[in-house]
Structure formats: structure tokens, C-alpha cells
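For reference, the structure is listed below as C-alpha cells.
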């Protein structure tokens with residue numbers, strides 16, 4: 001069902017803003033899976049609103065590339081595309097690496113103790129193969145370092161790009177081996193932070209970003225354009241091929 005997992009609208013923000021935020025979160029978190037239909041009536045009923053704010057939100061999400069509109073089929077969750085992942089990771093390679101470098105050099109002992117505690121949490125969650133909890137724990141661990149940078153604007157960029165990457169992280173971390181590899185990177189990252197070694201923290205971050213691309217690439221192999229195909233041909237994977 002296209003409205004599954006959506007929370008109903010509350011008072012506070014404008015209805016249109018809340019609908020947009022709820023749908024965007026559901027798309028980026030994978031609760032609304034790539035390739036699934038977005039039926040206006042179902043979404044409206046799930047959110048407890050009229051169709052007008054839902055329609056406006058879908059238009060905004062189309063402009064961001066998260067929703068597609070196909071003639072005679074209506075709106076769909078945009079499929080995963082390797083080209084999009086490459087672009088997201090390229091931005092993260094600049095912004096997240098800088099945040100890691102600055103944060104690692106400025107971490108206090110109290111912050112390092114919080115990171116150590118959170119590292120134990122994510123290690124435990126990884127053994128339980130709970131992807132939702134792992135993604136939350138992994139972010140909470142790294143966020144401590146990023147915020148130690150003292151660059152709130154920079155951290156805001158990191159958060160936005162991380163959210164854009166989350167659909168792809170779910171693919172990379174979907175297997176026990178994927179989670180184990182991610183844990184390996186988090187341990188190496190913490191070791192660099194404990195030594196206040198900014199360049200090492202940045203290098204581990206960059207290596208992890210590159211690993212995500214390598215881990216996901218096979219998922220797109222079957223849909224690669226044939227030799228000689230026009231440039232810009234999309235390589236996409238939908239929920240059914242994950």
C-alpha cells in the first residue's frame with residue numbers, strides 16, 4: 001500500500017509543509033520503496049488530509065528527482081540510479097570528509113566517551129541485523145564527531161546528503177557481510193578520532209564512501225546500457241531487484 005508507514009498530520013506547521021516532510025522522509029528512508037505506486041487517495045487517507053497538499057508535495061518531490069510521473073500510470077517512487085549515487089557520494093567526499101577531519105581534531109574526552117558508547121550500540125545492533133536501528137546508531141555515532149567541528153552549516157550539509165544517500169545505504173548494508181564491513185569502518189573511524197588524527201578520520205570516511213559505491217554497483221550491472229548506447233542512458237534498479 002502506497003501510504004504504509006506514514007504518520008498522520010499534526011497541528012503546527014502548514015499542512016502542505018508537513019505532508020511534504022512526511023513523504024520525503026518515507027521516500028528517503030525506504031518505507032516507500034523504489035518503483036512503488038504513489039496513489040493520491042491512499043496517501044491522503046493515510047495522512048488524514050485532502051488531496052491538494054499531497055498533490056503539491058508530489059510536485060515538489062518530482063522536482064527533486066524522488067518521484068516520477070508516467071503517463072497513464074501516475075506517480076511512482078523514483079528507482080535507484082547508480083549515477084545519482086555517484087553524484088551524492090562525490091558531494092559527500094568533499095563535505096563529510098572535511099567535517100570528519102575538523103571534528104576528530106576537536107573532540108573532547110566526554111565526546112569520545114559518548115562515541116565509544118555509541119560504537120558498542122551499533123556493534124550490537126549489527127549482530128541483530130536490524131537495518132533501521134543500525135542506520136540510526138551509525139549516524140548517532142558519527143554525528144558526535146561532525147558536531148565537534150563547530151561548523152553547524154557544514155553539519156547541515158552533511159545531514160542533507162546523508163539523507164539523500166540513505167536509500168542506497170540500505171542496499172549496501174542489507175546483508176550481514178555489508179553490515180560487518182560498515183562496522184569495520186566505524187571502528188577505524190573511532191580509532192582515528194581517539195588519536196585526534198583529522199587526516200586519518202577523513203581518509204577512513206572517504207574509503208567508506210567509495211566502498212558503498214563498490215558494494216552497490218553489482219545491483220545495477222544487469223541494467224547497464226549496452227555498448228554504444230546514448231550518453232545519459234539511466235542505469236536504475238527498482239524495489240524488485242534489490
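The values are calculated or read from the model by the stated rules, or taken from the named source; none is laboratory data. On a predicted model such as this, the values are computed, not experimentally measured, just so you know. Here the Cβ is made from the backbone with ideal geometry for all residues, glycine too, and neighbour counts use every protein chain on show.
Just wondering, is there one or more residues in the range 136-151 that are within 23 Å of residue 26 (Cα to Cα), modelled with pLDDT under 95 and touching a strand residue (DSSP E or B) at 6+ places or on another chain (Cβ under 8 Å)? Spell out the reasoning first.
Initial filter on the range 136-151 (within 23 Å of residue 26 (Cα to Cα)): 136-143.
If we keep only those that are modelled with pLDDT under 95 too, we end up with 136.
Next, from what is left, pick out any that are touching a strand residue (DSSP E or B) at 6+ places or on another chain (Cβ under 8 Å): none.
Looking through the range 136-151, none of the residues is within 23 Å of residue 26 (Cα to Cα), modelled with pLDDT under 95 and touching a strand residue (DSSP E or B) at 6+ places or on another chain (Cβ under 8 Å).
Exactly one condition in (1) in contact with a helix residue (DSSP H, G or I) (Cβ under 8 Å, 6 or more places away or on another chain); (2) at pLDDT 90 or above is false for residue 74; which is it?
Condition not satisfied by residue 74: (2).
Considering only the range 69-78, I want to know if a residue exists there that is under 16 Å from residue 208 (Cβ atoms) and either outside the structural domain of residue 192 (by TED's automatic domain parsing) or more than 15 Å from the chain's Cα centre (by Cα) (or both).
No, because not a single residue in the range 69-78 is under 16 Å from residue 208 (Cβ atoms) and either outside the structural domain of residue 192 (by TED's automatic domain parsing) or more than 15 Å from the chain's Cα centre (by Cα) (or both).
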